[in-house]
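The values are calculated or read from the model by the stated rules, or taken from the named source; none is laboratory data. Owing to the predicted nature of the structure, the values given are computational and were not obtained by experimental measurement. Ideal geometry is used to build each Cβ from the backbone, glycine not excepted, and the neighbour counts take in all protein chains shown.
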């Protein structure tokens, strides 16, 4: 009996070793590729990066990618259903070596692309470039996250007056918000160092407790039971002295009925004020590409720079 059992265990082990499909499979490896091109726009060099991420099975990956330069993230975006993303942002003058990093998800491992080298031309036009670190955030609904937005002055000495830059963001999902501290940044003609602002992203979790409205004085049903019939009776006596008093009495009763319905739970406004709004909805889960915008004005001309940022809500 023991010998038979031993043979069965050996046979089962041999089947397991011969069948890798039966073994547990963890996240698969990925490959991230990137291509870059540049163009001059309004005196500044705009770099456009195309990123593609695929798993070992050849299928597109999901999630987010960020760009890193010198160990510091500068931008990020969500991958499309095809596992691709396109990022555009202004670069300060000089040589830049950037890598695209796929952050991974439950089914895919993170991966890094080869370095993409681009050179931004020097310019005599005053302005700035914008970057964000980290380039992506992953939050659970109800959490808040923070990133640092950096403004790098470009040829600030050519400014005829201080340049004021206003920061904003768009593209974030419902039940979430984005704020900056400070929201307005000043670049002086003497500015040579990076100026930073703190970006805060807040999400909302679902509340299981229904919001309650402020307490209101409740009406007395006994008083209504006496007042309403009494009012109708007096109206009937007043109209009975005239012709067609029954028609007028019916009309008065109809008006009283409509007014009564307007002050009871049959009215949506009554229901809202006495029972409160529905429970809070959560921020929808998913990966989103936010658009961070920096708009400047020196009193004469206005300049707008944008950079993508990736937000994942779990």
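For (1) modelled with pLDDT of 90 or more; (2) surrounded by 13 or more Cβ atoms within 10 Å (Cβ to Cβ), each residue gets a yes or a no:
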residue	(1), (2)
255	no, no
260	no, no
273	no, no
276	no, yes
284	yes, yes
294	yes, yes
298	no, yes
314	yes, no
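Residues satisfying the criterion are absent from the range 67-75 (criterion: in contact with a strand residue (DSSP E or B) (Cβ under 7 Å, 6 or more places away or on another chain), at pLDDT 95 or above, over 26 Å from residue 293 (Cβ atoms) and buried (at least 16 other Cβ atoms within 10 Å of the Cβ)).
Taking the listed residues 197, 150, the one that is in a strand (DSSP E or B), under 19 Å from residue 297 (Cβ atoms), more than 13 Å from the chain's Cα centre (by Cα) and modelled with pLDDT of 95 or more is 197, with no other qualifying. When residues in the range 55-98 are screened for being under 25 Å from the mean Cα position of the chain (by Cα), under 15 Å from residue 31 (Cα atoms) and without any contact (Cβ under 8 Å) to a residue 60 or more places away in the chain, 5 of them pass.
Is it true that residue 190 is out of contact with any strand residue (DSSP E or B) (no Cβ under 9 Å at 6 or more places or on another chain), farther than 17 Å from residue 313 by Cβ, modelled with pLDDT of 90 or more and in a loop (DSSP other than H, G, I, E, B)?
Considered against the rule, which asks whether it is out of contact with any strand residue (DSSP E or B) (no Cβ under 9 Å at 6 or more places or on another chain), farther than 17 Å from residue 313 by Cβ, modelled with pLDDT of 90 or more and in a loop (DSSP other than H, G, I, E, B), residue 190 comes out as yes.
Within this structure, residue 124 fails the test of being closer than 30 Å to residue 55 by Cβ and assigned to a loop (DSSP other than H, G, I, E, B). The residues of the range 170-184 that are in contact (Cβ under 8 Å) with a residue 40 or more places away in the chain and surrounded by 13 or more Cβ atoms within 10 Å (Cβ to Cβ), listed by number, are 171, 172, 173, 175, 176, 178.
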